[in-house]
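The values are calculated or read from the model by the stated rules, or taken from the named source; none is laboratory data. Predicted model only: the values in this text are computed from it and were never measured. Neighbour counts run over all protein chains shown; Cβ positions are idealised from the backbone, glycine included.
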Amino acid sequence: MTHATIIGAGAVGVSAAHHLAERGIEVTLVDKGHAAGETTGKAGGLVFCQLHEPADVRAMGYSIDFFRDLSAAENHFTYHEVGFLRTGTEREHSAFEREVSMQQNEGANVRLVDPPEISEIYPTLSLDGVTVGTYAPGDGYADPHTFTTTLLDEARAKGVTYRPGTKVTDIDVSDTPTVETEAGPIQTDTVVIAAGPWSRRVAALTGVDLPVKPYRAQALVTTPVAFDIGTVYDAHEGVYFRSEQRGGLLVGDGTEEVESDPDGYTQTADFDFLVETSDVVERCLPVDDVGIQNAWAGLCTATPDGRPLVGRPVYEPGSDGGPDDVVVAAGLQGHGFMRSPAVGHAVADIVCDGESEYPEWRPDRFDEHPGDFDIEEMLKLDGKHPGLQ
């Protein structure tokens with residue numbers, strides 16, 4: 001293995017380029033636009049280990065260490081380690097207990113907290129109805145665009161060739177794999193598909209039917225407020241918020257659980273989302289009639305079981321065969337930026353060694369074609385804990 005061509009210069013694609021270059025692989029990174037120009041650039045930048053699956057918790061252990069190390073180097077990137085608190089009512093209590101136990105078993109620094117401790121952590125937070133929380137002090141946030149461009153600079157210094165404005169038109173996976181682009185062909189040894197919401201369309205060029213669906217997620221930034229607060233996810237209401245560097249609050253999660261067209265979706269936030277999330281913020285924090293400074297929608301990509309697709313794909317889910325010279329890294333369920341260091345590391349392991357430490361993410365895990373499937377927002381507890389009423 002001497003050369004890999006990566007399609008997509010978001011956080012996942014750039015991370016894959018960086019990790020492959022570290023392993024001595026020659027890399028060409030192409031994007032029809034520019035680095036972090038689409039999904040990554042619209043991400044909220046949350047970084048947290050409090051996930052529902054053991055593999056994801058392990059992945060976040062690697063990713064958080066990666067963010068810390070990159071932040072400590074001399075560059076423009078900063079990882080803001082402000083902590084991440086999930087709050088819940090008695091309805092969420094048992095689910096929180098089970099998840100914290102699993103997360104601790106996977107090495108995460110997280111604990112259950114009661115209302116008095118929550119008040120010590122975030123004194124400005126209203127605890128009306130809150131009976132339990134989970135808290136990870138090492139969680140935080142970072143700017144996805146700055147992360148991606150900073151890591152791209154490091155990757156290019158390691159020899160990665162970056163070709164923005166290069167649209168892929170076809171992929172030949174015969175004896176000599178070739179990525180056809182509007183700027184000419186690229187002969188390669190392995191093709192890595194990290195095209196975010198466009199990954200299914202790109203994979204189709206290789207004959208692969210990738211079971212992923214793009215969907216909208218919304219966020220807003222308020223006008224400045226008179227306090228700072230780390231990241232809070234209200235598990236009962238399904239809304240998160242945190243302080244922004246410029247004094248306002250970043251607020252999400254306006255997930256729309258229906259499929260969207262990546263070339264024709266609405267990039268402005270819905271009015272109902274603005275009203276509902278503003279109401280939650282005003283109930284939880286000491287703000288009155290907070291203004292909205294900016295609001296937008298970006299795309300995430302879902303899979304049938306909520307787990308990423310990272311590895312060598314099969315031509316048809318449930319079949320045995322697939323293109324030997326293709327690796328996919330898609331279906332990150334809205335958690336692509338924060339998991340991108342671990343996903344990039346996994347891609348490098350698969351290309352160089354044939355497997356990664358995340359077998360749960362293998363694209364060939366489906367026994368049969370999943371057909372149509374429901375899109376499920378991944379922060380919420382509903383659907384992950386059958387007994388949750």
Yes or no: the stretch 188-204 includes at least one residue that is touching a Lys or Arg at 6+ places or on another chain (Cβ under 7 Å) and at pLDDT 95 or above.
no
So which residues in the stretch 259-281 are surrounded by 12 or more Cβ atoms within 10 Å (Cβ to Cβ), closer than 17 Å to residue 197 by Cβ and out of contact with any strand residue (DSSP E or B) (no Cβ under 8 Å at 6 or more places or on another chain)?
none
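Surrounded by fewer than 23 Cβ atoms within 10 Å (Cβ to Cβ) and either under 14 Å from residue 348 (Cβ atoms) or in contact with a Gly (Cβ under 9 Å, 6 or more places away or on another chain) (or both): which single residue out of 7, 25 fits that description? Steps first, answer last, please.
Details: 7 fails: surrounded by fewer than 23 Cβ atoms within 10 Å (Cβ to Cβ).
Criteria check complete, one pass: 25.
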Of the residues that sit in the stretch 249-263 and are in a loop (DSSP other than H, G, I, E, B) and modelled with pLDDT of 95 or more, which one is nearest to residue 218 (Cα to Cα)?
260
Against the conditions (1) within 20 Å of residue 244 (Cα to Cα); (2) buried (at least 24 other Cβ atoms within 10 Å of the Cβ), where does residue 284 fall short? Just the number, please.
(2)
Test: residue 125 is out of contact with any His (no Cβ under 6 Å at 6 or more places or on another chain), surrounded by 15 or more Cβ atoms within 10 Å (Cβ to Cβ) and part of a strand (DSSP E or B)
no
Looking at the stretch 133-162, which of the residues that are assigned to a loop (DSSP other than H, G, I, E, B) and in contact with an Asp or Glu (Cβ under 9 Å, 6 or more places away or on another chain) is surrounded by the most Cβ atoms within 10 Å (Cβ to Cβ)?
139
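Given the criterion among the acidic types (Asp, Glu) and outside any helix (DSSP H, G or I), identify the matching residue among 360, 355.
Result: 355 is the single residue among 360, 355 that is among the acidic types (Asp, Glu) and outside any helix (DSSP H, G or I).
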Checking residue 120 against (1) surrounded by fewer than 21 Cβ atoms within 10 Å (Cβ to Cβ); (2) part of a loop (DSSP other than H, G, I, E, B), which single condition isn't satisfied?
(2)
Given the conditions (1) over 19 Å from residue 346 (Cα atoms); (2) touching an Asp or Glu at 6+ places or on another chain (Cβ under 9 Å); (3) in the same structural domain as residue 345 (by TED's automatic domain parsing); (4) not acidic (Asp, Glu), which single one is not true for residue 52?
(3)
